[in-house]
Structure formats: structure tokens, C-alpha cells
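This report refers to the structure that appears directly beneath it.
Since every read-out is calculated from the coordinates, none of them should be taken as a lab result. A quick note: this is a predicted structure, and the numbers were derived from the prediction, not measured. Quick reminder, even Gly has a Cβ in these numbers, built from the backbone with ideal geometry, and neighbours come from all protein chains shown.
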Amino acid sequence: MQSTTRLFDDNSRKALADAPLQQALGKLSSNFTVKRALAAARLPEFEALRDQARDIKDHVLAHLDIYLERFEANVVAQGGVVHWCRDADEARATVLAICHEAGARTATKSKSMITEEIALNDHLEANGIEPIETDLGEYIIQLRHEHPSHLIAPAIHLNKNQVEATFRAAHTDLPPGRNLEEPRSLLEEARAKLRRRFLDADVGITGANMLIAETGSIVTVTNEGNADLTMTLPRVHIAIASIEKIVPTLEDATTLLRVLARSATGQENSVYTTFATGSRRTDDADGPSAFHVVLLDGGRSSLIGGAFQDMLRCIRCGACLNHCPVYGAIGGHAYGWVYSGPIGSVLTPGLIGIAEAAKLPGASTLCGRCEAVCPVRIPLPRLLRQWREKEFEQGLQSKTARFGLGLWAFLARRPQLYRAVVGVVMRILGRLARRHGSFYNLPFAAGWTADRELPAPEGRTFIDQWRARAGGHR
Amino acid sequence: MSDSRNAVLGNLRQSLRRSDDRATAEHAVEARLATHAANLVPERGRKNRVGLIELFIAEAAKVDVTIDRVDALAAVPRAIAAYLSTHNLPAKVTVAPDPALDAVPWQDQPTLGVRRGNADARDAVTVTGAFAGVAETGTLVLLSSPDSPTGLNFLPDAHIVVMMADRMLGTFEDVWTRVRSRGEGFMPRAVNWITGPSRSADIEQTLLLGAHGPKKLHLVLIDEPGA
Ligand code: SF4
């Protein structure tokens, strides 16, 4: 996918003025956040399971080369094929070749962020294969030619009127006078439309939440059941996943699943968790006759062993988005690439380069709520700070920001001078604002005072006041 | 593609600085795969049979599963006919070719249409067995096989599961132990964990049942006296 992360500031401004988006974001905290807290509180072992989930992923990352080989051997033993892809180009070409070989005209798809990452739909379409997104949210945004704005709730930025308008524009074969007022009728319409597509598709493309080395299985997790219809009905099943999705055993997968749904939606378990292993067996009445796993590296093998390895533990639950004040203010699209929220700000520079994504690590208050809820305990604030350091080292910030930081560093290293300068500034500011106690506009801080007032300093610095108190000594 | 394989693995080995430690690393992996040890298992699922059934019923109810308890396989046709009529569903079911369901006396309900086989797109109601129930989250586990085609679990409007109470397990670890006991090639093409009927909250975060899979999930649980 083409990134627009360079436009982060403009994107954010637009997002703040987008009424349906703001309305949707307002519901995040009463919905996902509350439900996660309840689910976590209901399971006494939850915190200990998070530790184990982290340890499982760390163990896998430290042995990823070997686990990938074992996974491949077990897929092959079940009659499947594994395709290794260095980058998006290779992954797209691989999927297209499988579709062509199957003589496919349509491919149903269940939600997969990796296919967003490699912009698979555009590629298939350009080559005569119609991709059909089947997750309800993905279907809606596909009709609107948009991208997902949340890891697990891709159409969260839209309200039901927008969905209704989209369906009326797309489903022109249905009576124009039909009632689509309620979300229920929208859901029914999508269900009926997509049912035909499920039955007719030649190829089914799914993502994978996990790949199990022990058995060569891929794991899908949905609430709708669309991944299952996608993989069961067509002749060919292609599962596409990035290399870090490996887990050793069924037991390890189980541990991760126990923290995944609870962190994501606050469910005890998602509705459908499926372990798919190989193709249809002799005498089976259904299932695909060919099973392909497309493994994407996409820059990940270089992140392993480095300062950013921890982010590869991510299981894409979306909890860090739901708890992030910045995501909560601007939503997902402003981030400008596939992944948004704290994990997006950490992952995007790693995958498309810090030069392209330089704006993202700054899009955080470092409040720490993301790390507090991350089921695999990714130290997101630390990783964000590391990217900020890289950004500074490579001179990617604006001139003003660099000048400001440089000036501050100069003063901070000279405490006497620092105190003298700050003392003078405080006195001036204190005097200027004596009447109101705060500023409503300040020449160099319009960005702040345009939307809120700046409380004025009292006229003396902390150190001054400390000294004045009881002689400054205990 | 073998170029890509070598490139990805080569790059990984370089990042991991894998050289002399290769044997040790392989050993660690083999050991983990061979022992497939359980991690922390929540206490919640450790109960006796009666406790497990109570827990299952409570958890399943929270995720909109309806449950009917009968005391013998012979009571199943009547229970299903009653369920269908209460919910205004057609009196016509497609039943999995599962031998565990062979002894159900369907002929006792002459008005109930019964077909054995896989689901087709027009089937409104299907009936299957289940490999296990998992009390910890009210989940049903189904394994694909010629006796239990996967389409039956996903295509209908209403999915009815008929299961003996002795299939109730506490935790998912118990399920894997049982799946493994099937021996060589123990994984079927599909292991489906099903926790309630299909749902979506993709429109305005409003939760609605019946997205793509069944709108209703109903369990007929058979507690055979003395079993
Ligand atoms: S970083 Fe953690 S909280 Fe965020 S999506 Fe990944 S696993 Fe979930």
C-alpha cells in the first residue's frame, strides 16, 4: 500500500473535523476499553498469561529460522505448499500465479492486514481477478475504495448512514425503495449479497492469526464465520501470513488465544477459531483440494535481533489503538499506512523506513496505556522513543523542532544559565498575564492558544520558590 | 522461489547470528515440539463432570447459545421438532452422516423432514455431533471428517449440535490431549472451535447476530442416567 504518512499533520487536522469519525471514536472507550477490563478482571490468571504469551513469542523469534523450517515440513507432509516471499512484489506475484493456475475469476477474501500491506486487491484486479472482501467491515470499505482504519474494526470510521449510501450505490439490482434504516437490515443485505459470492468463488484467500510449527496448521479467528466460508467452499485455499506469526505448538496457540480475544473485544473467546491443516482429505465431503501458505518477510527478518525486535511479538489485537488518546482523537486513516495507533507508529517506520514514517513516532503522548494493556507486553513507549532518537540522529525533524531541542539541550547542560534564563522568562510571563492568570493568545504558541488557554506561570520558578521556603533546606 | 526461501532464512540466520549455536537451537525447538507442554491452564476449567456442565451452560448462555437437556438419544427428535417450531424454523433438517447420530429415532417425528449428508446452500437447519464441549468458555469443538463436513457448521441459518454429556471437557488443553490420542496425522483438515452464533459489530459498533455463519446455535445435551 502507498503511504501518506508524510501528510500526517494534514490528515490529523481533517480527522479532527470528520464528524462521523469523531462520533465513532467517542464510543471506543465505553465499548472495547470497558469490555477488555471486565474480561481481564474475570480471569485471575490473565496477567500471568500475558507473561507467558510474551515468553512464547520471544522464544519463537529467537528460533524463527528453525520453526519456519519445521512449519514448512509439516505443511508439505499434509499435502500443502509453502511459498516464501521476500517482499510485497513477490507475495503479490505468488498469489496471482496460484489464482491463474486455478483458472480463477473471483477470489473471496477474509480479513488480512498482510494483504493490505502488499496491496493485493489492486494487483488481482489489474490482472483480471475480482477480489471480494467478506468481513462485513472490509466489504463496506472495499465498496468505498477505502482502507481499514482499525486492526479489528476496519469500518469503525463510518456511521450507518454512510453504509446505507454505499449499499444503495453498489447494490443497484435491489429495489431503491427498500428500508435500510437499521444496522440489522444492512447486515442482512450484505449477508445475502456475499452468500452468492462465497458459493461461486474459485479461490479463497485468508490471513492467519497464527501458524503452528508442530502441525503445519494455520489459525484463523473471526466472529462472523467469513474466514471459514472463505476457506471451505472454493477449490483452492491460500493463507497469507508474515513470518513472525509462527507459534510452536497447539498448547502455545491456546495460551495466545486466551489473551487475544479478551484484549481485542473483551470476549472470552472469539466466535470462530479454526485450525486448518492441509487440503481436503480422501472421502471428505468438502474443503479445498489445494492448500497454499504464502509467507511474507517484508523486512521482518532484518528487524530480528535488533533494537525493535519486540514489536514482532504483536498479535494484532487492537488493544493499544483502543486505549490510545492519539488514536482516539484522529482514528486510523491519519497514520497514512496499513497499521495505525501505537503499534502502527512503531511498526510502520520499521517496515517502510523512518524517513517515510518520520511523523509517526511523535504521534504519542507516551502516556503508557498501550503498554499497560498489550497482551504480549510490547514496550511501545520505549520503542517510540527509540524511533524518535533515530529520527533525530538522521536529522528528519523540522528545522524549528531541531533548533528548539538544540537550544534546550544547550541550556539543560548549563544549570546556572538555565536557571537565569528561565527565571527571567517566568517573571516576564507572570507579569504579562497577571490580570487573567492565563493567556488566550501568544505570538509564538498560536498552535496551543488557538484551541485552549495557556495557564500563566506565577512569576517565579520552582527553584526560586524552593529556596524561599524555609531557606531551601530541610 | 527457492531463492527467496534461502534469502529469507539466510537473512534470519544472520540477524540471529546463528552459527555455532545451531545444534543447541535445533535441540530446543525439537524438545518443545516433542513435549508440547501445557502452559498455565486457568483454574476455571478444573471441575468435576457436574461442575463442568454447569459452567459450560453458564458460559454458553452468555454468548447466545441455547441449550436443551434431554436424558436419552431417543428424546432428540422431539426436542428438535419443538425447538424448530418455537423459533419458526422450517421442519426440515440436514443431519451429518455421523454414526453417533445413526441411532436417533427420527421416524418418531413424522412431520420432521430429515436428510443425511453435507449442507447445501438452501439448508436452513443442520444437525451435527461434536467432538467436545469446552466448559471454560462455553465452546463446542468440531473436527472435519466424512462424518462431519464443515459446511454443516457454517452454511445454515440455525446449527443444532447433539452431544452426549460425557464429551464435556474443562479446558482446551484437554481437547488437544484427546485430539492427539487419535494417533498419527491427528489433525483433521479443520478443527472448529465455535463459541456462540455468528456475529458482527462492524456497523457503528452495534453487535448483531448472524453475520455470515449461523444466526442461531442450539445444543441438545444428552445426560444419560448412569453414564
Ligand atoms: S502492540 Fe500489543 S496491544 Fe497493540 S495490537 Fe499488537 S498485541 Fe495488541
Tell me, for chain A, which Cys residues have no other cysteine's C-beta sitting closer than 4.7 Å. A:Cys85, A:Cys99, A:Cys314, A:Cys317, A:Cys324, A:Cys367, A:Cys374
Got a sec? Charge dipole of the protein assembly as shown, +1 on Cβ for Lys and Arg, -1 for Asp and Glu; which of A:Gly298, A:Ala334, B:Val93 is way out at the positive end? A:Ala334
Suppose we look only past 35 Å in the calculated P(r) of the protein assembly as shown. What percent of the Cα-Cα pairs does that tail hold? 47
Lys/Arg Cβ at +1, Asp/Glu Cβ at -1, dipole of segment A:31-301 taken about the Cα centre: which of A:Thr172, A:Ile212, A:Leu256 is farthest positive-ward? A:Thr172
Net charge around A:Arg70, counting only other residues with Cβ within less than 9 Å of its Cβ (Lys, Arg = +1; Asp, Glu = -1)? -4
Can you compute 3J(HN,Hα) from phi for each residue in segment A:339-345, using the Karplus curve 6.51 cos²θ - 1.76 cosθ + 1.60 with θ = phi - 60°, rounded to whole Hz and x for Gly and Pro? 9, 10, x, x, 5, x, 5
Relative to the present Cα-Cα distance, how much length would full extension add between A:Leu405 and A:Asp9 at 0.36 nm per residue of separation? 140.6 nm
Normalising by the residue count of segment A:31-301, find the relative contact order in percent from Cα pairs under 8 Å and 6+ residues apart. 30
Name the residue, out of B:Arg189, B:Arg49, B:Arg69, whose mean-square fluctuation peaks in a Gaussian network model built on chain B with Cα pairs under 10 Å. B:Arg189
Along segment B:29-40, what does the Karplus equation 6.51 cos²θ - 1.76 cosθ + 1.60 (θ = phi - 60°) give for ³J(HN,Hα), rounded to whole Hz, x for Gly and Pro? 5, 4, 4, 5, 5, 6, 8, 5, 5, 6, 8, 4
Residue-averaged 222 nm ellipticity for chain B, from DSSP H runs of 4+ at -39500 (n - 2.57), nearest 500: -9000 deg cm²/dmol
How much space per residue, in cubic angstrom, does the convex hull of the C-alpha atoms of segment A:318-393 take up? 76
State whether segment A:31-301 is rounded, prolate or oblate according to the following rule on the C-alpha gyration tensor (a ≥ b ≥ c being the square roots of its eigenvalues): a/c under 1.5 gives rounded; otherwise a/b larger than b/c gives prolate, and the remaining case gives oblate. oblate
Taking placed amide H atoms and a strict 5 Å upper bound, the residues 5 or more places from B:Ala190 or on another chain that come that close are A:Thr277, B:Ser144
Highest mean first, how do B:6-15, B:197-206 rank when packing is the count of other Cβ atoms within 10 Å averaged over residues? B:197-206, B:6-15
Return a whole-number percent for the relative contact order of chain A, with Cα pairs under 8 Å and 6 or more residues apart as the contact set. 20
Cβ neighbours within 10 Å from other chains - mean over A:64-72: 6
Within a 10 angstrom radius of each residue's Cβ in A:301-309, how many Cβ atoms of other chains show up on average? Whole number is fine. 3
For A:Glu130, distant residues with modelled amide H under 5 Å away: A:Thr106, A:Ala107
Can you give the extra length, in nm with one decimal, that the chain gains between A:Thr449 and A:Thr172 once fully stretched, where that is 0.36 nm per residue apart less the Cα-Cα distance? 94.8 nm
Value of [θ]222 nm, deg cm²/dmol, for chain A, DSSP H segments ≥ 4, -39500 (n - 2.57) each, nearest 500: -14500 deg cm²/dmol
For segment B:41-222, just say rounded, prolate or oblate: build the C-alpha gyration tensor, square-root its eigenvalues into a ≥ b ≥ c, call rounded for a/c under 1.5, and beyond that prolate if a/b exceeds b/c, oblate if not. rounded
With the charge dipole of chain A built from beta-carbon charges (+1 for Lys and Arg, -1 for Asp and Glu) about the Cα centre, the Cα from A:Leu454, A:Ser12, A:Gly103 projecting farthest to the positive end belongs to A:Leu454
What are the residues whose amide H is under 5 Å from the amide H of B:Val95, where those residues sit 5 or more places off or on another chain and H is modelled from the backbone? B:Arg115, B:Arg116, B:Gly117, B:Val127
Evaluate peptide A:74-86: per residue, the Cβ atoms of other protein chains within 10 Å of its Cβ; return the mean as an integer. 3
At 7 Å along the Cα-to-beta-carbon direction for both A:Arg419 and A:Ser302, put a label point, then send me their distance in nm to one decimal. 4.9
Taking Cα atoms, how many degrees apart are the long axis of helix A:46-62 and the longest axis of chain A, rounded to 10 and kept between 0 and 90? 70
Compute the signed sum of charges (Lys and Arg +1, Asp and Glu -1) over the other residues within less than 14 Å, Cβ to Cβ, of B:Ala165. -2
